[in-house]
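First up is the structure itself, then whatever we jot down about it.
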Amino acid sequence: MKFIISFLFTLFIAAPVWAVDVSMGAGGNLVFEPNEITISAGDTVHFVNEALPPHNIIVEARPDLSREALLFAPGESQDVVFADAGDYNFFCGPHQGAGMTGVVHVN
């Protein structure tokens, strides 16, 4: 019994925690949803591919935060940790021209 309780406690503690989920291609549209978010420094944004692939996450002037690998399958995801306060504009490389852009405000 102690093993089961310890296992469940460890599983709960080890579960990933995200400040916010951002859908990519939500509703079959070339958008990030939501496309403007506010988080605290050190929070993680979880980007999830929903539809109309391929998608990626490019953070302007921040290659260290960008995730250039293309996500093709629904449910594929990438996480980005925003450690420093500021405003971060991001876009999908293949769909920037279609308006697939957003901004993360980090307090």
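The table that follows gives values for the structure above.
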{"quantity": "Test: residue in the range 72-86 that is in contact with a Pro (Cβ under 6 Å, 6 or more places away or on another chain) and either over 15 Å from V106 (Cβ atoms) or at pLDDT 95 or above (or both)", "calculated": "yes"}
{"quantity": "Matching residues, the range 84-99, being under 14 Å from the mean Cα position of the chain (by Cα) and touching a residue at least 40 places away in the same chain (Cβ under 8 Å)", "calculated": "F90, C92"}
{"quantity": "Some residue of the range 43-56 being part of a strand (DSSP E or B), acidic (D, E), modelled with pLDDT of 95 or more and surrounded by fewer than 13 Cβ atoms within 10 Å (Cβ to Cβ)", "calculated": "no"}
{"quantity": "The lone exception for L65 - which of (1) outside any loop (DSSP other than H, G, I, E, B); (2) in contact (Cβ under 8 Å) with a residue 12 or more places away in the chain; (3) farther than 14 Å from M24 by Cβ it fails", "calculated": "(1)"}
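The values are calculated or read from the model by the stated rules, or taken from the named source; none is laboratory data. This structure is a prediction, so every number in the text was calculated from the model and none was measured. Virtual Cβ from ideal backbone geometry, glycine too; neighbours counted across all protein chains shown.
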